[in-house]
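Below is one structure; the comments refer to it alone.
Bear in mind that the values in this text are calculations on the coordinates, not laboratory data. All values reported here derive from a predicted model rather than from experimental measurement. Every residue, glycine among them, receives a Cβ derived from its backbone with ideal geometry; neighbour counts consider all protein chains shown.
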Ligand code: PLP
């Protein structure tokens, strides 16, 4: 059985973070490994509190696991601090891990910062250059590229700027475009760029706020890479999963919907 590793935060709701990632891995028949970066107190309305795992324990989780099992792919979610990011990079290089997918998590849908401000540059400098795929959403693309993204042509410009930061493939997810912006609201368009070719991948847009979309999408790409699918196919399969998971989303609490993976 193929194995995928998620390096991410703990979500008590079970809709984002490692819980979401493991559900997605299982869905594709890929064995899921997980290493925790941080624990959170949150519900479907609010991320209340975050506590990072100590660096010592973080490294210990990784080394103990990787001395035994080599994953076929690896994804990162909430990485929280510069020290966690730097330690992870060292481990990825020393174990020669391939198929790194980075979901550059910055802020939760409910508005809580999930990474320290000073760690944002470190994420870009340390991990983007060794990434197979990065999956920024519109908000993250704006923050990393400095561009205001209002239109489809802005997505193209942003992906060129991202390419210079070193990742092999960029997929900017368009699901967060506001209705007032000029990408039409009935479609959610993602832009895939590998440095040579662009592919627009679109799907129906369902209105509303959903918890765990970024985690679920990037985990689906990671699982498909573990299975040996090429990146573009992996992204298309991930997009198909997102469509059905959003269509059948449900409300376990009083706030956001959870994807039905
Ligand atoms: N909590 C954890 C542990 C996460 O990893 C993430 C996203 O990466 C979130 C919360 C935020 O999820 P969302 O913004 O989809 O609500």
Problem set entry | Checking residue 1 against (1) more than 16 Å from the chain's Cα centre (by Cα); (2) within 14 Å of the ligand (Cβ to nearest atom), the condition it does not meet | (2)
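Against the definition (more than 19 Å from residue 101 (Cβ to Cβ) and without any contact (Cβ under 8 Å) to a residue 60 or more places away in the chain), how does residue 236 come out, yes or no? Spell out the reasoning first.
Numbers: more than 19 Å from residue 101 (Cβ to Cβ): no; without any contact (Cβ under 8 Å) to a residue 60 or more places away in the chain: yes.
No, not satisfied.
Taking region 16-54 only, how many residues are on the phi > 0 side of the Ramachandran plot and within 17 Å of the chain's Cα centre (by Cα)? Write out each step before concluding.
First pass over region 16-54, keeping only residues on the phi > 0 side of the Ramachandran plot: 17, 29.
Subset that is within 17 Å of the chain's Cα centre (by Cα): 17.
Counting residues in region 16-54 that are on the phi > 0 side of the Ramachandran plot and within 17 Å of the chain's Cα centre (by Cα) gives 1.
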Exercise. Just to be sure, is residue 45 crowded, with 16+ Cβ neighbours inside 10 Å and out of contact with any strand residue (DSSP E or B) (no Cβ under 8 Å at 6 or more places or on another chain)?
Worked result: no
Seminar exercise, completed: Subset of region 203-259, residues in a strand (DSSP E or B), surrounded by fewer than 17 Cβ atoms within 10 Å (Cβ to Cβ) and within 16 Å of the ligand (Cβ to nearest atom), comes to 250
Exercise. Looking at (1) at negative phi; (2) without any contact (Cβ under 8 Å) to a residue 40 or more places away in the chain; (3) surrounded by fewer than 18 Cβ atoms within 10 Å (Cβ to Cβ), which is the only condition residue 193 fails?
Worked result: (3)
Exercise. Looking at (1) touching a residue at least 60 places away in the same chain (Cβ under 8 Å); (2) farther than 22 Å from residue 210 by Cβ, can you tell me which one residue 13 breaks?
Worked result: (2)
For this session: Restricting attention to strands (runs of 3 or more DSSP E) lying wholly within region 69-185, give those where 2 or more residues are more than 16 Å from the ligand (Cβ to nearest atom) and touching a strand residue (DSSP E or B) at 6+ places or on another chain (Cβ under 9 Å).
Result: 169-172
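Just checking, how many residues over region 55-68 are in contact (Cβ under 8 Å) with a residue 24 or more places away in the chain and either assigned to a loop (DSSP other than H, G, I, E, B) or over 20 Å from the mean Cα position of the chain (by Cα) (or both)?
First pass over region 55-68, keeping only residues in contact (Cβ under 8 Å) with a residue 24 or more places away in the chain: 55, 58-59, 61-63, 65-66.
When the remaining residues are screened for being either assigned to a loop (DSSP other than H, G, I, E, B) or over 20 Å from the mean Cα position of the chain (by Cα) (or both), the result is 55, 59, 61, 63, 65-66.
Result for region 55-68: 6.
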For this session: Output the residue which, of all residues in region 6-15 that are within 13 Å of the chain's Cα centre (by Cα) and more than 8 Å from the ligand (Cβ to nearest atom), is surrounded by the most Cβ atoms within 10 Å (Cβ to Cβ).
Result: 6
